[in-house]
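Step one of this worksheet: look at the structure below.
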Amino acid sequence: MRSVCVLLCALVSVFSADAVEIIAPTAAEADLGKEVYSVPVSKHTVCSLDGQKYVNDCIIIGNGVVSIFGTATGANTPVEIPIARCDWIDLSSSRPDAPLPFSKSQKGVLLKDGSWLPAMDIRSALGDDTLIVTSSLGSFQFSVLDIIGWGQYEDIAEKAGAKGEQNDCIWRTTGPSVEGSIVAVRDNSVFIQTNLLPEPIPLSFDTIRSVCLRGEIQVPTGVHFRMTTQADAPPLCLAPVYPLCIAALYSSSVPDTEMKGALEPVADLPRLFVVGGDRVYLSDMTPSLVETEGAFGATWAYGVDKQIDGSQIRLNATSYEKGLVIHSKSLLEWSLNGQYETFTATIGIADDFHYEGNCAVSLIADEQVVWHKQQLRGVDGIQRVHLPVDDVRTFTIQVDYGERFDIGDHCVFAEAHLVRVQK
């Protein structure tokens, strides 16, 4: 598969508080004709999985580590942290909860790795089956093979990655949607073969609201970054290599020369979260034991990265991409076998049941209760839990009935994760 690689100059660089300078590339980078840039921005913060924060003038990301330089460490004494042991990285001095510089985009591109790239303009390139995407992050060129869909995310989310889907779908600005097989993208038109006519129907980009191609999302594995680019849409995935890449995480080949664009420096660049390192989400692990019971005979399966009804997890007016939602009365147990050192989660009643939920929650390590809340209610806010689990063999979450039996007991364990023992 042809991969699209994007040089993110503002991310891969050594950052200086003064002038821009070009840093001599390594031998491997020189072989690929690459350079590492220094960009004048403010202080940067790196937070490790143990909660320690490093605030400095400049950092380098590459070779599996984050190297931190500056006044806090001494110019000649860099601190090196494996990327796998990092929690997040801020590359600007802006608040991480500040409004996103591209959050108002009404359209974008859903890449095959599940990334969402907001866009101001989407057009076909000179070559067939290729798109030019203009974004606040720069201008990029993608093969349609690297794309699940483009347009409005609300449209694409209806069909994106659905197993067994046989048709591509085009939503028009006016009139009904069209389903069939897209056979070509060229001359700012999409050609779709339907059962209605013998020849493909050309639809101009100007008449198209959204496009979704059949095919499954290939979730990236291994260590990578995720950056939230638009509210209520998937984050943008970035590979932590020289240079950082998008649309390359699902490729079988290592991208080097197929660089199609560069990131434009953004003052309020969102926080980079490290995924696939030593942090392991409970929602990505299969429990060794699941027990459920209903006060009135009905039971509910627990939600994995979704609410029990399949909607996005919402807790304390915040949306979460990762987490578990467990209904009373339930018990879930995982085999840890002493491979993890800490457990962290934000616990509370889902926003949709803010005034109804009332349950008892226990966290149990090797049959010993290590955290307990007898009455967890939505009106009482959230509970942030951080527990050591060194040498723990089994870890259990138990959600029991509260004062109102099991009514509204949708207990959220947002961002529930373990941290592997450092080797």
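The values are calculated or read from the model by the stated rules, or taken from the named source; none is laboratory data. Note that the structure is a prediction, hence the values are computed from the model and not measured. Glycine also receives a Cβ, built like all others from the backbone with ideal geometry; neighbour counts cover every protein chain displayed.
Residues of region 154-161 include none that is part of a strand (DSSP E or B), of a type outside the set (S, T, N, Q) and not assigned by TED's automatic domain parsing to the domain that holds residue 228. Note on region 181-209: residues that are assigned to a loop (DSSP other than H, G, I, E, B) and within 31 Å of the chain's Cα centre (by Cα) total 1. Given the structure, is residue 337 assigned by TED's automatic domain parsing to the domain that holds residue 415, polar (S, T, N, Q), under 26 Å from residue 90 (Cβ atoms) and more than 15 Å from the chain's Cα centre (by Cα)? Against the criterion (assigned by TED's automatic domain parsing to the domain that holds residue 415, polar (S, T, N, Q), under 26 Å from residue 90 (Cβ atoms) and more than 15 Å from the chain's Cα centre (by Cα)), residue 337 does not qualify.
Just one of the listed residues (420, 404) is farther than 19 Å from residue 313 by Cβ, surrounded by 16 or more Cβ atoms within 10 Å (Cβ to Cβ) and in contact with an Asp or Glu (Cβ under 9 Å, 6 or more places away or on another chain), namely 420.
All of (1) in a loop (DSSP other than H, G, I, E, B); (2) out of contact with any Phe, Trp or Tyr (no Cβ under 9 Å at 6 or more places or on another chain) hold for residue 113 with one exception: (2).
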